[in-house]
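Here's the structure, in structure tokens; my notes come after.
Just so it is clear, none of the values below were taken in a lab; they were calculated from the coordinates. The structure displayed is predicted, hence computed values, not measured ones. We place every Cβ from the backbone using ideal geometry, glycine too, and count neighbours over all the protein chains shown.
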Amino acid sequence: MAGLRKDQIDVLISEGTFRGLKKLRERGAVTPAEEKMVIAGAYKAILVEVAEARKELSHIQNALAALAAAAQNAQRAPAGPAADNFYNQMTNHLITFDAWVVSLLETDLTITGLLNPGHTRNKITELAKAMNALMDKRAAERHPVLDDPHLFRGYVDR
């Protein structure tokens, strides 16, 4: 956002790029050249994030393949202390998978934050609430992999 004043940048950060530009335009606080520069920069940033997401998806696919292979091998594991090695392998593959999923989520939230930071903050809160509610429901029903997509409706709203 080089070339913009601090007050302009503050509006773009708090409102999101396109809503912020609309506010600045309505106030007469942005020139057409500045607006064009911001729009081009925003779309360039989105393209960078899309490229990042594609890389993350590739890593996720690889991590899932490793996780699946480890789970298949572990199904044949002997009981007792010998099973610990399989558990350790699963843990390591799960950590890798989890890290890439979180990285992809961060990329997703970066893009939504560029467009609407307030909505993005709400999404973060809603995701935490939904996941905690799901964990509580799983515990109450003694079902560790119970799904309830309804709990996540607040996260995926428009």
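If you take the charge dipole of the range 23-133 about its Cα centre, with +1 on Lys and Arg Cβ and -1 on Asp and Glu Cβ, which of T125, A77, A40 is farthest toward its positive end?
A40
Return the FRET efficiency for the residue pair I13, A68: r is the Cβ-Cβ distance, R0 is 41 Å, and the value is rounded to the nearest 0.05.
0.50
Starting at the first residue of the range 47-61, write each ³J(HN,Hα) from the Karplus equation 6.51 cos²θ - 1.76 cosθ + 1.60 with θ = phi - 60°, in whole Hz, x for Gly and Pro.
Taking θ as phi minus 60°, the curve returns 4, 4, 5, 4, 4, 4, 4, 4, 5, 5, 4, 4, 5, 5, 4 Hz for the range 47-61.
How compact is the range 103-158 by the rule of thumb for globular proteins, expressed as Cα Rg over 2.2 N^0.38 Å?
Ratio of Rg to 2.2 N^0.38 Å for the range 103-158: 1.28.
Treating the angle as unsigned and between 0 and 90°, give the value, to the nearest 10°, between the Cα long axis of helix 117-141 and the longest Cα principal axis of the chain.
Value to nearest ten degrees: 20.
If I take every Cα pair under 8 Å that is 6 or more residues apart in the range 6-115, average their sequence separation and divide by the length, what percent do I get for the relative contact order? Provide the component values of the computation, followed by the final result.
Details: 68 pairs, mean separation 37.5, N = 110.
Once divided by the residue count of the range 6-115, the mean separation gives 34 percent.
How are the alpha carbon pair distances in the range 6-115 distributed across 5 Å bins from zero to the largest one, expressed in percent?
That works out to 2, 11, 15, 13, 10, 9, 8, 7, 6, 6, 4, 4, 2, 1, 0, in percent per bin.
What is the dipole size for the range 93-158, taken about its Cα centre, with +1 at each Lys and Arg Cβ and -1 at each Asp and Glu Cβ, in debye to the nearest 20?
In total the dipole reaches around 180 debye.
Under a point-charge model restricted to the Cβ atoms of Lys and Arg (+1) and Asp and Glu (-1), what is the dipole moment magnitude of the range 1-145 relative to its Cα centre, in debye to the nearest 20? Spell out each step's value before the answer.
Numbers: 18 positive and 16 negative charges, 69 e Å.
Charge dipole, the range 1-145, about its Cα centre: 340 debye, nearest 20.
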